[in-house]
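Please read the structure below before turning to the comments.
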Amino acid sequence: METHLNEDGSEIPCKVPFSIVTPHHCKIEDADEEMKDSGDENDVSIPEEEVKLLKGHSKEVYVCAWNNKKDILASGSADTTARIWRVRSDPSKKGATPTTVLPHQNPATTDNEEVSVIRWDPTGNFLATGAVDGVARIWTAKGTLKHTLVQHKEPIFSLKWNKEGNFLLSGSADHTAIVWDVAAGEMKQQFAFHGAPTLDVDWKDNKTFATCSSDHSIHVGEIGTTQSIRRFDGHKNEVNTIKWCPAGRLLASCSDDCTAKLWSMDAKEALYDFKEHEKELYTIEWSPTGAGTANPNRDLMLASASFDSTVRLWNIEQGRCLHNLAKHTDPVYSISFSPDGQYLASGSFDHYVHIWSVSTGEVVKSYRGGGGIFEVCWNTKGDKIAACFDTNNIAVIDFRM
């Protein structure tokens, strides 16, 4: 239902849109909401001249991702299109941002479909998109359709390129994961590990990967094998996100059971079970630090974001919480580390992007947009942050310290 009822039966609209792409968290309209603030942020507010609004989508923008070679931003929306934006270096510069529209029409039914996930390949030359009809597509950076990948029977929830860029991994509500041969534009192998929707997938290396599901389990698979080579059980509710650490040594997971866990291929049980969050965890993110990164001399950390409106930073070696980042007032759907690992951006349905110092746990910059935020992401240079909103727009924030 998209409405809530008073005791007398009258309807109160819920301000959070319903979607198959994102989980629903109810929030009732509050007449005094515009009077509320996320805290005193006068000294850290990002001025409007340092923000560029990208307008063009006609419905909610669910996902955004920077090209890892150029200042090109991709976005995916409920309006059945993805877009590629060529972002100017100066956010205050007037005029429209050049954009290429990527339509998502089902090849069998000719229906237009919501775009649920987007992902650039390691070279920055190709963009993968997934839609709620189960069709994945590969586009060039200029917006030319290269391959249409048809095999999934239900919405695609996750897409990941391996490091070599020769395979694309997809996870779907049809319970399966598929490895696609990118050069051939065809399925290499389909994996049926789960008894419920596959919510996320992630590569460990170029041939080994993990999948997680609404069935509460995590599986590790390998190209060429039909059975999973490792199964991790321990979560008590659906597992929303999984991510291998940069070195591929540890696997992090988060769940609707309000916990995040760390796993190793050398152990059946979780190495750590982080229980400090009070509500469901939607996403986790590894810092770009430690072994296997461009910042090898800095400690590896894990960030977790929850419907309890907080973000937590975890020390991996000691298994403890370093900082509880508690300034948001609504669920936090997305977090993203800066490329140097010194800052963490968080986006919430309270309309705020907060940028935190990883070392101190303090907010250093804040931006309030015009609606709920589905995703935030940093560009490769670390001088821009993109945030996509349920108000159909994308904000590109110029980050200066």
For SER334, other-chain or 5+-apart residues with amide H closer than 5 Å (H placed, Pro excluded) are GLY347
Rounded to a whole %, the carbon-and-sulfur portion of the accessible area of the stretch 240-303 at a 1.4 Å probe is 44
With +1 on each Lys and Arg Cβ and -1 on each Asp and Glu Cβ, and nothing else charged, work out how big the dipole of the chain is about its Cα centre, in Debye to the nearest 20.
1980
Residue separation times 0.36 nm, minus the C-alpha to C-alpha distance between GLU154 and ASN324: what's the value?
57.5 nm
By the C-alpha gyration tensor axes a ≥ b ≥ c (rounded if a/c is under 1.5, else prolate when a/b exceeds b/c, else oblate), the shape of the stretch 44-90 is oblate
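Which number comes out as Rg/Rh for the stretch 272-401 once both Rg and the Kirkwood Rh are worked out on C-alpha atoms?
Details: Rg = 13.9 Å, Rh = 14.6 Å.
Radius of gyration relative to Kirkwood radius: 0.95.
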Compute the accessible area per residue over the chain, keeping the other protein chains in place, probe 1.4 Å, unit Å².
42
Here the Kirkwood hydrodynamic radius of the stretch 159-274, Cα-based and in Å, equals 14.0
Whole angstrom only: what separates the Cα centroid of the stretch 227-254 from the Cα centroid of the stretch 366-387?
27
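Just how large is the dipole of the stretch 178-223 about the Cα centre, in debye to the nearest 20, putting +1 at every Lys and Arg Cβ and -1 at every Asp and Glu Cβ? The partial results should precede the final answer.
On the way: 3 positive and 7 negative charges, 12 e Å.
The calculated dipole for the stretch 178-223 is roughly 60 debye.
Measure off, as a whole percent, the carbon and sulfur share of the 1.4 Å-probe accessible area of the stretch 41-186, all protein chains present.
On the way: 2840 of 6070 Å².
It is 47 percent, rounded to a whole number.
Taking the radius of gyration and the Kirkwood hydrodynamic radius from Cα positions alone, what is the Rg/Rh ratio for the stretch 329-401, to two decimal places?
A ratio of 0.94.
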Just how much of MET401 is accessible, in Å², when a 1.4 Å probe is used and the result is rounded to the nearest 10?
140
With all protein chains present, calculate the accessible area of THR225 using a 1.4 Å probe and round the result to the nearest 10 Å².
40
Dividing the convex hull volume of the Cα atoms of the stretch 191-238 by its residue count, what figure in Å³ per residue is obtained?
63
Taking only the alpha carbons of the chain, what extent do you get along each of the three principal axes, in Å, biggest first?
57, 55, 50
Most fluctuating residue of SER253, SER58, SER217 in a GNM of the chain with Cα springs under 10 Å: which is it?
SER58
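Could you tally the net charge around LYS59, taking each other residue with its Cβ under 14 Å from the Cβ of LYS59, Lys/Arg +1 and Asp/Glu -1?
Details: positive: LYS55, ARG83; negative: GLU60, ASP79, GLU113, GLU114, ASP390.
The answer is -3.
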Given R₀ = 22 Å, what would the calculated FRET efficiency be for THR109 paired with SER58, taking r from the Cβ atoms and rounding to 0.05?
0.60
Karplus-derived 3J(HN,Hα) from phi for the stretch 209-225 (6.51 cos²θ - 1.76 cosθ + 1.60, θ = phi - 60°), whole Hz, x at Gly and Pro, runs 8, 10, 9, 9, 8, 5, 7, 6, 10, 10, 10, 10, x, 9, 4, x, 10
³J(HN,Hα), Karplus 6.51/-1.76/1.60, whole Hz, each residue of the stretch 50-65, x for Gly, Pro:
9, 10, 10, 8, 9, 10, x, 5, 9, 9, 3, 9, 7, 9, 8, 7
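With a cut-off of at most 10 other beta carbons within 10 Å, and DSSP calling the residue loop, which GluC sites (Glu not before Pro) in the stretch 305-401 qualify? Please list them.
Numbers: sites: GLU317, GLU362, GLU375; in loops: GLU317, GLU362.
Answer in residue order: GLU317.
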Relative contact order of the stretch 355-401, pairs being alpha-carbon contacts under 8 Å that are 6 or more residues apart, as %
26
³J(HN,Hα), Karplus 6.51/-1.76/1.60, whole Hz, each residue of the stretch 172-177, x for Gly, Pro
9, 5, 7, 6, 10, 10
Distance in nm between label sites at SER45 and ASP340, each 7 Å beyond Cα in the beta-carbon direction?
2.7
Can you pull a Stokes-Einstein diffusion coefficient for the stretch 264-341 at 25 °C (0.890 mPa s), Rh from Kirkwood over Cα pairs, as a whole number of µm²/s?
183
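The values are calculated or read from the model by the stated rules, or taken from the named source; none is laboratory data. Note that the structure is predicted; figures quoted are calculated from it, not measured. Note that we place each Cβ from the backbone using ideal geometry, even for glycine, and neighbour counts take in every protein chain shown. Ligands, DNA and RNA are stripped out before the accessible areas are found, and what is left, the full protein with its side chains, is counted by its heavy atoms. Shrake-Rupley method; radii C 1.70, N 1.55, O 1.52, S 1.80 Å.
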